[in-house]
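A.B. asks: Would you mind keeping the following structure in view while I ask a few things?
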């Protein structure tokens, strides 16, 4: 599944990589989220068998992925960005056996060679398999049957932080989130439709909301305050321009607290602490 917003060149490159996969995927799902370019025409011509979902107004990558997870026909869903794809054409044959051998595996994710971190482009050793407390939807396989048993991606997040929030749900439910170098992802990390400060604000806001969605009382307020202070300290280290803009997300976060409290699915404090200890 891929969600895309006005990054046609990236989507074309990723689509070509998907055509080379052997075995081929049973289904390709693409969401054009608030598009204004020629994404629709391209998908209809280049990938006529793909299931195309069109959001005339942007609903965000999180809501788009949640819908695709519900509409997917298979139980294993490879999540990609429009600018990321597996480097191994036999990736499906590599990861399917891992899920068969591990019935409690909910998410399997892979190392990424990304332009965001140039040193990874030539990296050969990404370390051993290990359990984690998060993952990246630009290169992960999700077990749909597990996803449908859990709250899943919180659509109000719009963009950012759905992965650690979902990993927390998995860990609390007894599922595993596993990092494995059995596949590597080439992530070109497009600069289009990206704004670093805006993404920081969304990440910080959604992290704050996640506390009120998942963390049990009476611990939630204290954990939320700690999260907010940690994000403020990060902004201070980025410079004065970042620091003075930090309150922008505070008001959004506080305004969303009643919604989060109303939709709470808290986990146990033991599970929450177990998740916090994971890398």
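A.B. asks: Does region 175-187 contain any residue that is in contact with a helix residue (DSSP H, G or I) (Cβ under 7 Å, 6 or more places away or on another chain), part of a helix (DSSP H, G or I) and surrounded by 20 or more Cβ atoms within 10 Å (Cβ to Cβ)?
C.D. replies: Within region 175-187, none of the residues are in contact with a helix residue (DSSP H, G or I) (Cβ under 7 Å, 6 or more places away or on another chain), part of a helix (DSSP H, G or I) and surrounded by 20 or more Cβ atoms within 10 Å (Cβ to Cβ).
A.B. asks: Residues of region 93-122 being more than 20 Å from residue 10 (Cβ to Cβ) and free of Cβ contacts under 8 Å to residues at least 12 places away in the same chain, which ones?
C.D. replies: Listed by number, the residues that qualify are 97, 100, 101, 103, 119, 122.
A.B. asks: Moving to a separate point now. Out of 164, 151, I need the residue that is out of contact with any strand residue (DSSP E or B) (no Cβ under 8 Å at 6 or more places or on another chain), at pLDDT 95 or above and assigned to a loop (DSSP other than H, G, I, E, B). Which one?
C.D. replies: Answer to the check: 151.
A.B. asks: Among the residues of region 252-272, count how many are out of contact with any helix residue (DSSP H, G or I) (no Cβ under 9 Å at 6 or more places or on another chain) and either at pLDDT below 95 or surrounded by 13 or more Cβ atoms within 10 Å (Cβ to Cβ) (or both).
C.D. replies: Here the count works out to 1.
A.B. asks: Next question, about the same structure. Is it the case that residue 186 is more than 23 Å from residue 272 (Cα to Cα) and in contact with a strand residue (DSSP E or B) (Cβ under 6 Å, 6 or more places away or on another chain)?
C.D. replies: On the way: more than 23 Å from residue 272 (Cα to Cα): yes; in contact with a strand residue (DSSP E or B) (Cβ under 6 Å, 6 or more places away or on another chain): yes.
Answer is yes for this residue.
The values are calculated or read from the model by the stated rules, or taken from the named source; none is laboratory data. Computed from a predicted structure; not experimentally measured. In this analysis, Cβ positions are derived from the backbone assuming ideal geometry, glycine residues included, and neighbour counts consider all displayed protein chains.
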